[in-house]
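Single-structure report; data block below.
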Number of protein chains: 2
Amino acid sequence: MYGKDTAAGQTANASCVLFPVSTEEVVSIVEFANKEHMALVPSGGRTGLSGGATALNGEIIVSFDKMDKILRFRESENTVDVQAGLIIDNLQAFAESKGLYYPVEYASTGSSQVGGNIATNAGGVHVIRYGMTREQVLGLTVVTGKGELLHLNKGLLKNNAGYDLRHLFIGSEGTLGIITEACLQLRRKPKAVSTFLLAVESPDKLATLFPWIQNRVDLLAFEVFSNVALNYARELEGFQFALTEEYPCYALLEFDKLQEDSADTKEAREEEIMTALLESGLILDGTLALDPDARKNLWKHREFIPVGLNQHQPWKNDLSVRIENIPRFIHELDAIQSEFSNIKIAWFGHFGDGNIHVNIPRPSNVDEKPFSESCQKVNQKLYLLIQKMQGSVSAEHGIGYLKKDYLSYSRSKEEIEYMSAIKRVFDPNNILNPGKTVG
Amino acid sequence: MYGKDTAAGQTANASCVLFPVSTEEVVSIVEFANKEHMALVPSGGRTGLSGGATALNGEIIVSFDKMDKILRFRESENTVDVQAGLIIDNLQAFAESKGLYYPVEYASTGSSQVGGNIATNAGGVHVIRYGMTREQVLGLTVVTGKGELLHLNKGLLKNNAGYDLRHLFIGSEGTLGIITEACLQLRRKPKAVSTFLLAVESPDKLATLFPWIQNRVDLLAFEVFSNVALNYARELEGFQFALTEEYPCYALLEFDKLQEDSADTKEAREEEIMTALLESGLILDGTLALDPDARKNLWKHREFIPVGLNQHQPWKNDLSVRIENIPRFIHELDAIQSEFSNIKIAWFGHFGDGNIHVNIPRPSNVDEKPFSESCQKVNQKLYLLIQKMQGSVSAEHGIGYLKKDYLSYSRSKEEIEYMSAIKRVFDPNNILNPGKTVG
């Protein structure tokens, strides 16, 4: 449904939905909106979790569903020009057809779109190797809130001619301009990828395991989750637990090379590193994928977690701290948990990026009201913790309107003032996604 | 000498030089400047080529020579907090002492500083693997033109809480704020690096060679130069030409792995790729480094070029186009060359980044006046070409004041207006590096 995203508890209040087919039409829409004092909400696949695509007050929805084309592939550069409405799965399939790879991978790539990905600087499970969406963008076509068309960076790899406005629009949640087209860098697809599921005794062991493994292999992913979180994945059909018994925490990791790689085969490489892991005393148990089906099943241990949790009306947070602070962060999380007897915190996320998703599913024996009260208290403690640790209240989900009140836990008063001033520069009439980020 | 950088023909006109020892002192300086209506020029190692560190009208120089400390290394992250005045060579030596690597490498790392590198988004020879300075910066401490202290991004790998102001300051040449400290990502040092010098028949062959090699190895560098350019390197003492005869163009490349690497040793890997190169018909000749001294000598073929050229009062340009357009760009360069009988264009640069340095040394038999007239005409044609090809008038050297008049060849009127508006947001009294970029 247009006018809201996938975060719970929203009501869409849009006046209409427009489906432009070209950048020029988007320019006209923005000009019209300025003239008629109407507000616009740019709308991609609406898979966000912060209400960034939500119409709050009768705004006009600008959907990119009809701007979903691949415009041009450049073989000598491995780059592709696309329209903002292209669905990420289709982009990935296109890359694949060229023997290449678009590395931003996460659960909702089947419906989320390029423009939305750029506007929210989407992350996912391969940030540790390829960076966020930000790092894939070589060029950006944007219509500002004033209705001016900008072609930013134009596919250049090196460009120090003035301020890099491109990076200002990336992650700005449609509050400064509407992204209509982008030039994206495709990559070579990693080959002979090894997938390991490892069980460890505690979050501290995860923190020791991470640099240990990072110094030995070229990591593609280092995902982590608690047993509490895993149990929600196990509720789902089609899940097969890959170990013989339960452990406190798990890491799911992928790599394609050893750092000093003299192994002839993937199998030899896997044996070398699994043997070293078992000898290290860092892990309690571990298994690895021997074929593509087994790999898919190991990934379900991580990917099914949010799906399973979603069946329990969870409170969600998407927090990050610097890598150094993760062990302390998880300890403090345990301390917060211990204060509440009626809820259980489930954590999972991207250890290698410092990004932990903290979810609280509602236990079936706890009513909504006391549940919500406990969650609010946990939330408050979590945000104070993030503030103390100089982390981010939104690692990859953005601010939207749902996290606007929490922005000040991560950004100073002066930063927020500068952000507001920049908003006024690009969108003086506040017609673009009002009420989001700093608008 | 304080008050100017290494671009030719400048006169320093500074009122004094200040040497703050802390961020707090920088805040005081900016507050003082605002109160007294004095302008400031932040000054690093002054190795720039666009006059970005030049005092034009009695400004106060703010030197970072006394803020040159390494503040903190975080082993679990491979990150380091440093002051802005730290010299890049010292940063690299520190990284080395930790078994790590700071990958921004170029000619003047012996005197250029971290703050200057970030303010100009320095590039160098390894951009193809590691990106520009921009990609190394995880956190930034900045004093804005209003004298406000900002701690941006704070070392986080994932942070989507509001606009990423960090990227606005990177590459802004001290016109929005003064960088006082930074958190930088260090890397694992590449091991078993292979270095090849290859000779090819034409720029077109370079353009064919580049994707050919990029699909086979993990490139660390792909530098190119014409024989005209190489001859200026050959004038210098300590240079040994590594091939037996001259060829029209050369590529100097480094890699550390084959894409599908089953080679047991560096030697086996080198043999495999050199044999394939010779069989491909793409190269006319080639040699490779068998030991560190030979590697150093091969690099002189590239690094000595600007040094040799500098002895001939060269006109310099630092242009980039998208990779796809490089062959056409070099053809057009040849066409421009053919219109002038009294000059010879020497080109060299970073093919893999789309970045070509176009230099015109003054022939000994041409007087300064006709030389300068020809260069101005070439310049005009070059900038028009860059405009037509949607390239950058400054790939890695910045705009400073020397290229300000050319900014409009790369950026639209609207972009420049937005840049000016952003300048007013952060530096309303225009006290920071006035006359540079858009100030």
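The values are calculated or read from the model by the stated rules, or taken from the named source; none is laboratory data. What you are looking at is a predicted structure, and each value in this text was computed from that prediction instead of being measured. Positions of Cβ are backbone-derived with ideal geometry, glycine not excepted, and every protein chain shown enters the neighbour counts. Quick note on the areas: whole protein, heavy atoms, side chains included, nothing else; ligands and nucleic acids left out. Shrake-Rupley method; radii C 1.70, N 1.55, O 1.52, S 1.80 Å.
Observations, loosely collected:
Table: residues versus (1) open to solvent by less than 20 Å² (accessible area, probe 1.4 Å); (2) at negative phi; (3) within 12 Å of chain A (Cβ to nearest Cβ).
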{"residue": "B:H167", "(1), (2), (3)": "yes, yes, yes"}
{"residue": "B:I178", "(1), (2), (3)": "yes, yes, no"}
{"residue": "B:E181", "(1), (2), (3)": "no, yes, no"}
{"residue": "B:L184", "(1), (2), (3)": "yes, yes, no"}
{"residue": "B:L206", "(1), (2), (3)": "yes, yes, yes"}
{"residue": "B:Q214", "(1), (2), (3)": "no, yes, yes"}
{"residue": "B:T244", "(1), (2), (3)": "no, yes, no"}
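- Single residue of region B:131-152 satisfying the filter (within 9 Å of chain A (Cβ to nearest Cβ) and not in a strand (DSSP E or B)) that is nearest to the chain's Cα centre (by Cα): B:M132
- Hey, A:L197 within 13 Å of another protein chain (Cβ to nearest Cβ) and open to solvent by less than 10 Å² (accessible area, probe 1.4 Å) or not: no
- A:E59 among the charged types (D, E, K, R) and more than 25 Å from B:H167 (Cα to Cα): yes
Residue-by-condition table, conditions (1) modelled with pLDDT of 95 or more; (2) surrounded by fewer than 21 Cβ atoms within 10 Å (Cβ to Cβ); (3) assigned by TED's automatic domain parsing to the domain that holds A:F348:
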| position | (1), (2), (3) |
| --- | --- |
| A:T23 | yes, yes, no |
| A:E31 | yes, yes, no |
| A:P42 | yes, no, no |
| A:G48 | no, no, no |
| A:E59 | yes, no, no |
| A:D65 | yes, yes, no |
| A:E75 | no, yes, no |
| A:N90 | yes, yes, no |
| A:K98 | yes, yes, no |
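- Residue ID - nearest to the chain's Cα centre (by Cα), chosen from residues in region B:373-396 that are open to solvent by less than 40 Å² (accessible area, probe 1.4 Å) and without any contact (Cβ under 8 Å) to a residue 40 or more places away in the chain: B:Y383
- Region B:106-133: number of residues that are surrounded by fewer than 21 Cβ atoms within 10 Å (Cβ to Cβ) and either in the same structural domain as B:L220 (by TED's automatic domain parsing) or free of Cβ contacts under 8 Å to residues at least 40 places away in the same chain (or both): 3
- Picking from residues in region B:349-372 that are under 19 Å from B:I305 (Cα atoms) and more than 14 Å from chain A (Cβ to nearest Cβ), the one that is farthest from the chain's Cα centre (by Cα) is B:S364.
- Test: B:Y2 is open to solvent by 10 Å² or more (accessible area, probe 1.4 Å) and within 14 Å of another protein chain (Cβ to nearest Cβ): no
- Enumeration of residues in region A:5-17 that are under 27 Å from the mean Cα position of the chain (by Cα), in contact (Cβ under 8 Å) with a residue 12 or more places away in the chain and open to solvent by 60 Å² or more (accessible area, probe 1.4 Å): A:T6, A:A8, A:N13
- Test: residue in region B:144-151 that is of a type outside the set (S, T, Y), out of contact with any Lys or Arg (no Cβ under 6 Å at 6 or more places or on another chain) and either in the same structural domain as B:F348 (by TED's automatic domain parsing) or crowded, with 24+ Cβ neighbours inside 10 Å (or both): yes
- The number of residues in region A:159-205 being closer than 26 Å to A:A93 by Cα and either in a strand (DSSP E or B) or among the hydroxyl-bearing types (S, T, Y) (or both) comes to 13.
- Filtered residue count, region A:303-315, keeping only those that are part of a helix (DSSP H, G or I) and either under 20 Å from A:T195 (Cα atoms) or open to solvent by less than 70 Å² (accessible area, probe 1.4 Å) (or both): 7
- Pairing residues of region B:397-417 that are more than 9 Å from chain A (Cβ to nearest Cβ) with residues that are open to solvent by 60 Å² or more (accessible area, probe 1.4 Å) and modelled with pLDDT of 95 or more, at Cβ distances under 9 Å and at least 6 apart in sequence or on separate chains, gives B:S408/B:Q387.
- Of all residues in region B:216-242 being of a type in the set (D, E) and either open to solvent by 30 Å² or more (accessible area, probe 1.4 Å) or assigned by TED's automatic domain parsing to the domain that holds B:N355 (or both), the one that is farthest from B:S280 (Cα to Cα): B:E237
- Listed by position, the helices (runs of 4 or more DSSP H) inside region A:319-437 whose residues that are over 30 Å from A:N57 (Cα atoms) and not assigned by TED's automatic domain parsing to the domain that holds A:L219 number at least 2 are A:326-338, A:368-388.
- When restricted to residues that are under 30 Å from the mean Cα position of the chain (by Cα) and either surrounded by fewer than 13 Cβ atoms within 10 Å (Cβ to Cβ) or within 14 Å of chain B (Cβ to nearest Cβ) (or both), region A:246-282 contains 6.
- One residue stands out among those in region B:402-432 that are touching a helix residue (DSSP H, G or I) at 6+ places or on another chain (Cβ under 9 Å) and of a type in the set (S, T, N, Q): the one that is most open to solvent (accessible area, probe 1.4 Å), which is B:N429.
- Members of region A:77-88 found to be at negative phi and open to solvent by 10 Å² or more (accessible area, probe 1.4 Å), listed by number: A:E77, A:D81, A:Q83, A:I87
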